[in-house]
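Undergrad: Quick one: this structure, given as structure tokens, is what I'll be asking you about.
The values are calculated or read from the model by the stated rules, or taken from the named source; none is laboratory data. Not measured: the values here are computed from a predicted model. So basically every Cβ, Gly included, is an ideal-geometry build from the backbone, and we count neighbours across all protein chains shown. Side chains are part of the model used for accessible areas, which takes the heavy atoms of the whole protein and leaves out ligands, DNA and RNA. Shrake-Rupley method; radii C 1.70, N 1.55, O 1.52, S 1.80 Å.
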Amino acid sequence: MGSGSNLLVSDHGLKAAVVRLSSAGFRKVRFMNGSSLEAGSGVALARLISAAKERQLSGLEFLSGIPGTLGGALAMNAGAAGECIGGLVNTATVMDFNGAVSVLNKKRLRFAYRRSNLSRYIILSATLGLKRKSKLEITRRINRRLDLRRRNQDLSHPSAGCIFKNPGTQAAGRLIDLCGLKGTRRGDAAVSGKHANFIINLGRAKASDVLKLMAAIKRAVKAGSGVNLESEIRIWRD
Ligand code: EPU
């Protein structure tokens with residue numbers, strides 16, 4: 001797991017070992033010649049964006065406000081408003097489930113909308129290619145992103161970010177909203193009144209409440225517009 005931000009884990013736990021790369025060695029950021037950097041997969045995106053800014057390196061600002069790690073962002077090909085992290089990756093160092101480590105170059109990397117071929121490995125680190133820009137310009141870009149999030153998303157309650165992928169060119173949030181589902185609840189899990197593609201936790205929501213609400217949303221959207229919504233969050237259960 002990265003930091004668990006896009007993850008729903010069963011109320012019954014898992015009969016499995018969970019690997020989280022949070023020790024100092026996995027949180028290093030090293031600047032290379034030119035405008036590249038190498039970072040461990042456990043580094044928080046916010047720290048990575050700010051370290052790059054200090055070196056006047058731009059390209060990561062669109063990730064501002066996403067509470068995840070680099071490894072999680074790579075596995076999910078995290079993105080916002082048309083930009084995805086996959087486009088910045090030069091190489092990724094990964095370990096397979098037999099413990100073999102390899103360095104994958106661009107040709108061996110596959111990124112698609114909220115998907116990558118890296119999710120079948122333990123991602124150890126990556127090198128990213130950025131562009132030189134002034135600190136002032138980078139700060140402006142970061143602030144624009146954060147403002148957009150504050151305006152459009154409910155940041156005052158815990159959530160797992162967008163619950164469903166946007167189907168094709170349509171917006172899942174708009175489709176759910178059109179069904180009049182804002183505020184709908186199952187237990188303490190509720191469809192956000194600010195952005196219908198967010199399920200917020202009003203207090204003591206269980207994973208089972210979120211799953212029930214997701215099923216109700218899928219049924220309503222299918223009936224209302226014929227669209228099959230697909231989960232964006234990862235669901236871990238035995
Ligand atoms: N909309 C509604 N009602 C709502 C919510 C949205 O009508 O309740 C409409 C908006 O007015 C807009 C459209 O739907 O016209 C799209 O909404 P928005 O601009 O908020 O973006 P989004 O497509 O819902 C995507 C990503 C977000 C990312 C934002 C901003 C997906 C599924 N979502 O949201 O990513 O933060 O753009 O860049 O790709 C995430 O991945 O967890 C996530 C939140």
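Undergrad: Ignoring ligands, DNA and RNA, please state the percent of accessible area on the chain from carbon and sulfur, probe 1.4 Å.
TA: 50
Undergrad: Only four residue types carry charge here, +1 at the Cβ of Lys and Arg and -1 at the Cβ of Asp and Glu. Report the dipole size of the chain about the Cα centre in Debye, rounded to the nearest 20.
TA: 360
Undergrad: Now for a separate question. Give a residue-ordered list of calculated ³J(HN,Hα) values for the range 214-227 (Karplus: 6.51 cos²θ - 1.76 cosθ + 1.60, θ = phi - 60°; whole Hz; x for Gly, Pro).
TA: After applying 6.51 cos²θ - 1.76 cosθ + 1.60, I find 4, 5, 5, 5, 4, 4, 5, 5, 4, 5, x, 10, x, 8 Hz.
Undergrad: Separate question: Please give, to one decimal in nm, the separation of the simple spin-label points placed at M32 and R149, each 7 Å out from Cα toward the Cβ.
TA: Simple spin-label model gives 2.7 nm for this pair.
Undergrad: Now, a different point. Could you work out how far the C-alpha centroid of the range 49-96 sits from that of the range 130-174, in angstrom?
TA: A separation of 13 Å, based on Cα centres.
Undergrad: For the chain, take the longest principal axis of its alpha carbons; what is the angle in degrees between that and the long axis of helix 135-152, to the nearest 10 within 0 to 90?
TA: Taking the Cα atoms of the chain, the angle to 135-152 is about 10 degrees.
Undergrad: So how much slack lies between V227 and N98, counting 0.36 nm per residue of separation and subtracting their Cα-Cα distance, in nm?
TA: Extra length available between V227 and N98 comes to 42.5 nm.
Undergrad: Shifting gears a bit: Which order do peptides 176-187, 41-52 fall in by mean Cβ count within 10 Å, highest first? Mind dumping the intermediate values first?
TA: Values: 176-187: 16.6, 41-52: 20.0.
Most protected by this proxy first, the peptides run 41-52, 176-187.
Undergrad: Now for a different question. Return the calculated 222 nm mean residue ellipticity for the chain, to the nearest 500 deg cm²/dmol, obtained by summing -39500 (n - 2.57) across DSSP H runs with n ≥ 4 and dividing by the residue count.
TA: It comes out at -8000 deg cm²/dmol, rounded to the nearest 500.
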